[in-house]
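Structure, as structure tokens:
The values are calculated or read from the model by the stated rules, or taken from the named source; none is laboratory data. Fair warning: this is a prediction, and the values are worked out from it, not measured in the lab. Every residue, glycine as well, gets a Cβ built from its backbone with ideal geometry; the counts of neighbours run over all protein chains shown.
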Amino acid sequence: MKPIRYAVVAKHPAAHLFEVTLTLADPDPAGQRFTLPTWIPGSYLVREFARNIVTLSAFNEAGRKVRVEKTDKQTWQAAPLKEGGALTLRYEVYAWDMSVRTAHLDDTVGFFNGTSLFLLPAGREEAACIVDIRKPEGAAYRDWRVATALPEARGTKRYGFGEYRAQNYDELVDHPVTLGHFALATFKAHGVPHDIVIAGRTVSVDMARLQADLKRICETQIALFEPRTKKAPVDRYVFMTQAVSDGYGGLEHRASTALICNRGDLPVVGRPEMSEGYRTYLGLCSHEYFHTWNVKRIKPAAFAPYDLSRENYTSLLWLFEGFTSYYDDLMLVRSGAIEPADYFSLVGKTLGGVLRASGRLKQTVAESSFDAWIKYYRQDENAPNAIVSYYQKGSLVALAFDLAIRARTEHRKSLDDIMRLLWQRFGRHFYNGKMVGVGEDEVQALIAEATGVDLGPLFRDAVHGTRDLPLDALFEPFGVTLEPQPGSANGKNGNGKPSLGVRIRPGADCTLAAVHDGSAAQKAGLSAGDVLIAVDGLRVTGSNLDTLLARYMPGAMVDIHAFRRDELRVARVKLDAPEVTRYKVTAADDKRGAPSRRARERWLRG
Ligand code: ZN
């Protein structure tokens with residue numbers, strides 16, 4: 001099979017158009033078919049990337065047009081070439097989505113995922129790919145560079161325009177690319193080079209601090225999976241960040257990650273304190289880096305290989321996203337990037353997030369994983385009442401399993417042993433051996449194999465049940481206590497103010513984003529989308545609801561005026577007790593303090 005050749009050029013940055021040329025030297029003599037993925041791995045939603053293909057034409061070797069027809073939303077069929085020879089497609093892709101999942105382009109920066117740009121010739125999944133990334137024309141682009149973990153072809157300099165290569169289509173579309181001006185720093189983690197690439201307008205980013213913090217986080221993770229050899233799973237890794245005014249997200253890839261963050265979250269030269277924003281950013285980097293093992297190499301069988309034409313169902317995202325969410329913060333504290341007290345505060349926030357919504361009583365984490373495509377990724381106003389997050393609750397499941405295994409084995413075994421078994425069995429040779437993934441019903445047995453512990457009812461209740469996890473009891477041997485922290489109506493920490501049981505949409509108006517099942521607001525007939533106007537005749541806005549409610553005691557009756565569409569209504573509301581929005585997690589050893597303190601240190605220090 002001859003390689004598939006692609007050329008990409010940022011043809012019209014002002015119109016946000018990439019032009020892609022695909023040349024196939026030996027097309028199917030019966031007429032070549034091409035498809036574009038409909039989803040991108042890591043983001044479990046059918047996104048129909050083909051909707052952004054604006055124009056598409058095909059040519060034979062003599063440059064004459066060849067007829068192309070669409071046969072479904074993501075498939076193109078070219079007519080047979082009577083005269084033989086190569087077939088070339090030329091198409092434009094609209095790229096104006098500032099996210100990590102698709103592509104964007106203007107005169108300052110370009111970014112793309114292969115799933116948005118590269119059509120796959122049918123039957124050529126295993127063909128080698130060569131991508132020529134061409135520099136846009138014009139003086140404005142003279143200093144543009146290229147950042148990607150795709151290997152350069154011979155003759156292409158690192159960060160330069162030119163040819164890059166991939167062994168097959170799966171590899172091609174697993175390496176996002178940033179073009180333009182960006183800040184760049186490199187560090188080594190256990191001998192392997194890691195790039196930090198930051199695009200977008202930023203001021204005085206402390207790259208040295210980023211290098212030092214990411215280095216210790218990456219080295220902690222490498223040592224977790226390969227304690228003896230400290231061998232990284234990659235030869236090179238790229239953290240690719242787009243800094244914006246307001247954004248948060250990341251997508252994992254086999255040797256890189258695409259991130260989007262608030263520019264204010266990045267560390268500033270001369271300000272060494274640990275801001276909440278920077279901690280969040282490091283947590284995001286840690287999360288995506290952990291995926292290099294967990295989901296990019298250790299995968300559910302349903303993803304081995306991916307079928308990019310349709311939904312790929314698995315009930316195991318609680319393991320691949322939930323465990324990753326557990327380890328992202330744990331790796332911060334184990335690496336010394338944050339203090340144990342900060343770690344406990346993050347656990348308390350996650351616990352509050354899970355326990356305050358009744359969706360947890362209706363959906364299991366296995367069900368949430370399976371239905372991610374239509375529920376978690378398509379949340380509406382009823383989400384808190386219907387959905388549990390396989391990220392948040394999944395991380396608590398990991399925590400519960402870790403604590404239980406440590407206690408039952410007198411701290412000889414832990415969740416780390418499970419991750420290492422998964423790595424050895426499924427991950428280490430995923431890309432250079434047989435692609436084998438974790439079976440849907442295999443996890444409990446793998447846990448027993450790795451640790452000698454049969455989690456029994458705890459496993460069943462945590463993964464296939466909706467009962468709250470017994471974290472109080474599980475924390476006890478570690479000298480850790482939980483205490484509910486009553487918050488305010490809109491989720492900020494408060495002093496036990498009475499509650500309506502709602503979430504407010506950010507903005508100038510007080511619009512209800514969600515109404516919790518069984519809440520004061522629901523009982524009084526208020527609904528998501530209602531715009532609250534007044535509480536007992538006093539005007540309410542997007543920012544003063546808490547202040548108004550703080551003057552009442554729980555159980556008090558208030559009249560709330562609200563618009564539903566254009567209809568004014570008045571609701572008589574009996575205020576709820578304060579809502580618990582987070583938990584205070586404290587390390588407090590009893591008189592026999594030493595055993596619990598030692599247990600805790602082994603857990604948090606690794
Ligand atoms: Zn993730």
Hits in the range 535-549 - residues which are over 20 Å from Pro506 (Cβ atoms) and in contact (Cβ under 8 Å) with a residue 12 or more places away in the chain: Asp536, Gly537
Residues within the range 297-316 that are out of contact with any strand residue (DSSP E or B) (no Cβ under 8 Å at 6 or more places or on another chain) and either within 14 Å of the ligand (Cβ to nearest atom) or of a type in the set (Lys, Arg) (or both), tallied: 3
Of residues in the range 268-278 being of a type outside the set (A, V, I, L, M, F, W, C) and in contact (Cβ under 8 Å) with a residue 60 or more places away in the chain, the one farthest from the ligand (Cβ to nearest atom): Gly270
Contacts under 6 angstrom Cβ, first residue in the range 155-179 being within 27 Å of Gly123 (Cα to Cα), partner basic (Lys, Arg), 6 or more apart: Asp174/Arg254
Residue within the range 527-549 that is under 22 Å from Gly348 (Cβ atoms) and out of contact with any Ser or Thr (no Cβ under 8 Å at 6 or more places or on another chain) present: no
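Do we have Asp417 as assigned by TED's automatic domain parsing to the domain that holds Pro300 and assigned to a helix (DSSP H, G or I) here? Lay out the reasoning, then the answer.
Numbers: assigned by TED's automatic domain parsing to the domain that holds Pro300: yes; assigned to a helix (DSSP H, G or I): yes.
Criteria met by Asp417.
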In the range 279-296, residue nearest to Glu367 (Cα to Cα) [restricted to those that are surrounded by fewer than 23 Cβ atoms within 10 Å (Cβ to Cβ) and more than 13 Å from the ligand (Cβ to nearest atom)]: Thr280
Considering residues of the range 553-585 that are outside any strand (DSSP E or B) and out of contact with any Lys or Arg (no Cβ under 8 Å at 6 or more places or on another chain) only, the residue surrounded by the fewest Cβ atoms within 10 Å (Cβ to Cβ): Asp566
Residue, surrounded by the fewest Cβ atoms within 10 Å (Cβ to Cβ), within the range 401-438, restricted to residues that are of a type in the set (Gly, Ala, Ser) and out of contact with any strand residue (DSSP E or B) (no Cβ under 7 Å at 6 or more places or on another chain): Gly433
Single residue of the range 332-346 satisfying the filter (among the aliphatic types (A, V, I, L, M), more than 18 Å from the chain's Cα centre (by Cα) and part of a helix (DSSP H, G or I)) that is nearest to the ligand (Cβ to nearest atom): Val333
Some residue of the range 589-596 being closer than 30 Å to Lys413 by Cβ and under 31 Å from the mean Cα position of the chain (by Cα): no
2 or more residues farther than 25 Å from Pro136 by Cβ: qualifying strands (runs of 3 or more DSSP E) within the range 13-74: 33-35, 68-72
